[in-house]
Amino acid sequence: MSEQTRVAVSQQQMRQQHQYAQMVRTLLDQKLGPQRYYHIRTYGCQMNVNDSQKLAGYLEQMGYQQTGDETRADLIVFNTCCVRDSAERRIHGHIGQIKALYEQNPDLIVCVCGCMVQQEGAAQALQQRFPFVRVCFGTHNLYAFPQMIFQVLSGQKRARSIIDAPTVAEDVPVVRDGVCAYTTIMYGCDNFCSYCIVPYVRGRERSRDMAQILDELRALRDQGVHEVMLLGQNVDSYGKGIDGASFDKLLEQADQVGIDRIRFMTSHPKDISGRVLEVMANSRHICHQLHLPVQSGSDAILTAMNRRYSAQRYLQIVQQARALMPDIGLTTDIIVGFPGETEADFEQTLDLVRAARFDSAFTFKYSPRRGTKAAQMDNQISAQVKKERIVRLIALQDEITAGVHQQLVGTRQVVLAEGPAARSPGQYAGRIDRGVTVNFKSQTDVTGQLVPVEITQAKRNTVMGQICPQA
Ligand code: SF4
């Protein structure tokens with residue numbers, strides 16, 4: 001039996017879940033009538049956003065409608081993240097606030113799921129602290145959500161289901177929102193970076209079948225979707241354990257589907273191949289955008305992080321990518337204040353940032369996660385030093401980002417409009433191929449359209465543009 005067969009949720013199990021969804025629908029039609037609402041709060045990364053879209057798919061199968069107002073909801077889901085301690089504390093605070101709603105409506109079904117719950121003992125502790133949380137499940141059994149809702153509606157006080165076995169489930173309904181559709185191509189991570197909790201809560205790497213992914217892409221194309229983001233904790237490991245599958249082959253075939261834009265994240269410098277860069281360069285639809293987390297510019301810190309590449313190797317990949325795609329947009333993640341990071345280590349990170357000239361960087365102060373190796377290291381860095389270093393790093397990156405944006409001024413770009421700009425009334429926001437966000441004025445609603453724009457002005461986080469007259 002192949003690795004993939006062992007982790008796949010069977011078609012029969014999925015049929016059962018769809019039956020549970022129908023049974024919930026019937027029960028609720030009798031109990032609440034046709035008007036019933038759900039509200040989902042999603043924390044963390046795009047993988048969680050995609051998981052929430054699947055939960056929404058199931059809930060709509062059960063006859064719930066979405067509401068942005070949690071006071072109106074009959075069912076509330078917290079889809080949690082545990083990558084940082086501060087995120088966990090914030091989520092606990094938000095769950096605590098729901099108590100008042102539950103006291104007004106004891107039929108309210110409160111569900112908590114995702115990475116935070118998958119940690120050992122977390123679900124039990126959570127339901128002890130917040131007894132009104134009736135449904136709790138981890139990352140591996142999202143597919144069984146209808147069954148858990150059915151259980152609590154049939155009189156069971158609580159449903160709690162945390163399993164250790166990683167799964168791959170197909171045929172989960174999805175409610176997509178926004179202009180970009182997410183397609184998860186692989187789950188989990190085998191890398192065990194010493195600071196990261198993800199392999200413990202998302203399990204070992206497993207990939208979806210290539211034919212299933214391509215079918216999904218064709219369906220999205222037929223629905224008129226212009227942009228798809230292929231998601232995985234480590235997309236370059238896609239295909240491990242599946243004969244003939246690899247990430248470059250998947251990209252090559254995805255390009256043939258004909259969706260206007262395909263992006264992907266997250267890549268790992270240890271695993272990205274030259275072939276992936278070549279496929280990107282030669283493709284018609286794979287965007288010239290690469291999110292390649294570097295984390296540090298110091299080889300000593302990279303070793304302590306268990307990243308398994310050097311700063312020099314990282315810069316070689318950047319050079320290779322730029323030689324093939326001079327217009328590539330490169331973004332990264334950087335952690336400052338990792339245990340043992342000296343001033344000299346940090347200076348090497350600044351040097352790497354100067355050399356790589358990222359379009360933008362997500363910068364983080366190191367935060368220890370219980371259960372990871374780095375949390376036990378005894379050379380932790382003080383909060384004061386972390387703060388001082390992140391301020392310097394952000395100042396440097398801001399200067400570089402301003403320069404990258406300035407170089408775009410005067411160029412013509414195609415923007416996929418994502419909707420009205422959040423802080424600029426009368427303007428629309430969207431992204432160009434390399435991922436930079438552009439704001440521009442439009443008299444008509446252009447959401448979801450590919451719009452030709454000339455870049456007119458560079459700002460710190462965005463650039464401004466104006467729609468080009470049609471040729
Ligand atoms: S590659 Fe490292 S940082 Fe990324 S999810 Fe895996 S363990 Fe975490």
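The values are calculated or read from the model by the stated rules, or taken from the named source; none is laboratory data. What you see is a predicted model; the values in this text were computed from it and never measured. Cβ: placed from backbone, ideal geometry, glycine included. Neighbour counts: every protein chain shown.
Is it the case that segment 346-353 has a residue that's modelled with pLDDT under 95 and either touching a helix residue (DSSP H, G or I) at 6+ places or on another chain (Cβ under 7 Å) or part of a loop (DSSP other than H, G, I, E, B) (or both)?
Within segment 346-353 (the criterion being modelled with pLDDT under 95 and either touching a helix residue (DSSP H, G or I) at 6+ places or on another chain (Cβ under 7 Å) or part of a loop (DSSP other than H, G, I, E, B) (or both)), the answer is no, since none of the residues qualifies.
In segment 204-228, which residues are within 16 Å of the ligand (Cβ to nearest atom) and among the charged types (D, E, K, R)?
The answer is Arg204, Glu205, Arg206.
Report, by residue number, each residue of segment 410-439 that is touching an Asp or Glu at 6+ places or on another chain (Cβ under 9 Å) and more than 21 Å from Asp177 (Cβ to Cβ).
Hits for segment 410-439 are Gly410, Thr411, Arg412, Gln413, Val414, Asp433, Arg434, Val436.
Kindly provide the set of residues from segment 182-194 that are in contact with a strand residue (DSSP E or B) (Cβ under 7 Å, 6 or more places away or on another chain) and at pLDDT 95 or above, ordered by number.
Within segment 182-194, Tyr182, Thr183, Thr184, Ile185, Met186 qualify.
Tell me yes or no: at least one residue of segment 450-466 is touching a His at 6+ places or on another chain (Cβ under 6 Å) and crowded, with 19+ Cβ neighbours inside 10 Å.
Among the residues of segment 450-466, at least one is touching a His at 6+ places or on another chain (Cβ under 6 Å) and crowded, with 19+ Cβ neighbours inside 10 Å, which makes the answer yes.
Counting just the residues of segment 256-270 that are assigned to a loop (DSSP other than H, G, I, E, B) and under 19 Å from the mean Cα position of the chain (by Cα), which one comes out farthest from Ala8 (Cα to Cα)?
Pro269
Looking at segment 394-412, I want the residues that are at pLDDT below 95 and have a partner that is assigned to a strand (DSSP E or B) with Cβ atoms under 6 Å, at least 6 apart or on another chain. Which pairs are those?
That search, which allows pairs on different chains as well, returns nothing.
Keeping to segment 23-45, report how many residues are among the polar types (S, T, N, Q) and surrounded by 15 or more Cβ atoms within 10 Å (Cβ to Cβ). Spell out how you get there, then give the answer.
At the first step, the residues of segment 23-45 found to be among the polar types (S, T, N, Q) are 26, 30, 35, 42.
Narrowing further to those that are surrounded by 15 or more Cβ atoms within 10 Å (Cβ to Cβ): 42.
Residues flagged as among the polar types (S, T, N, Q) and surrounded by 15 or more Cβ atoms within 10 Å (Cβ to Cβ) within segment 23-45 amount to 1.
Within segment 309-334, can you find the residues that are under 30 Å from Ile381 (Cβ atoms), surrounded by fewer than 23 Cβ atoms within 10 Å (Cβ to Cβ) and touching a His at 6+ places or on another chain (Cβ under 9 Å)?
Tyr309, Thr331, Asp333 - these are the residues of segment 309-334 that are under 30 Å from Ile381 (Cβ atoms), surrounded by fewer than 23 Cβ atoms within 10 Å (Cβ to Cβ) and touching a His at 6+ places or on another chain (Cβ under 9 Å).
Can you tell me which residues in segment 214-238 are small (Gly, Ala, Ser) and modelled with pLDDT under 95?
The answer is Gly224, and nothing else.
If a residue must be in a helix (DSSP H, G or I) and either of a type in the set (A, V, I, L, M, F, W, C) or under 25 Å from Asn48 (Cβ atoms) (or both), how many such residues does segment 222-255 contain? Explain how you work it out, then say what you get.
At the first step, the residues of segment 222-255 found to be in a helix (DSSP H, G or I) are 222, 235-237, 247-255.
Next cut, either of a type in the set (A, V, I, L, M, F, W, C) or under 25 Å from Asn48 (Cβ atoms) (or both) only: 235-237, 247, 250-251, 254.
The number of residues fulfilling the criteria is 7.
Just to check your reading of the model, which residue among Ser237, Ser298 is polar (S, T, N, Q), within 16 Å of the ligand (Cβ to nearest atom) and closer than 30 Å to Cys81 by Cα?
Unique residue meeting the criteria: Ser237.
Considering only residues that are without any contact (Cβ under 8 Å) to a residue 60 or more places away in the chain and charged (D, E, K, R), look in segment 244-288 and name the one that is nearest to the ligand (Cβ to nearest atom).
Asp271
In segment 289-326, which residues are small (Gly, Ala, Ser) and without any contact (Cβ under 8 Å) to a residue 40 or more places away in the chain? Quick ask: steps written out before the conclusion?
Taking segment 289-326 first, the residues small (Gly, Ala, Ser) are 296-298, 300, 304, 310-311, 321, 323.
Those that are small (Gly, Ala, Ser) and without any contact (Cβ under 8 Å) to a residue 40 or more places away in the chain: Ser310, Ala323.
Quick one: in segment 335-392, of everything that is small (Gly, Ala, Ser) and buried (at least 19 other Cβ atoms within 10 Å of the Cβ), which residue is nearest to Met305 (Cα to Cα)?
Here the answer is Ala374.
Give the number of residues within segment 292-314 that are aliphatic (A, V, I, L, M) and more than 25 Å from the chain's Cα centre (by Cα).
Within segment 292-314, the first condition is being aliphatic (A, V, I, L, M), and the residues that meet it are 292, 294, 300-302, 304-305, 311.
Filter again for more than 25 Å from the chain's Cα centre (by Cα), leaving 300-301, 304, 311.
Going through segment 292-314 one residue at a time, the tally reaches 4.
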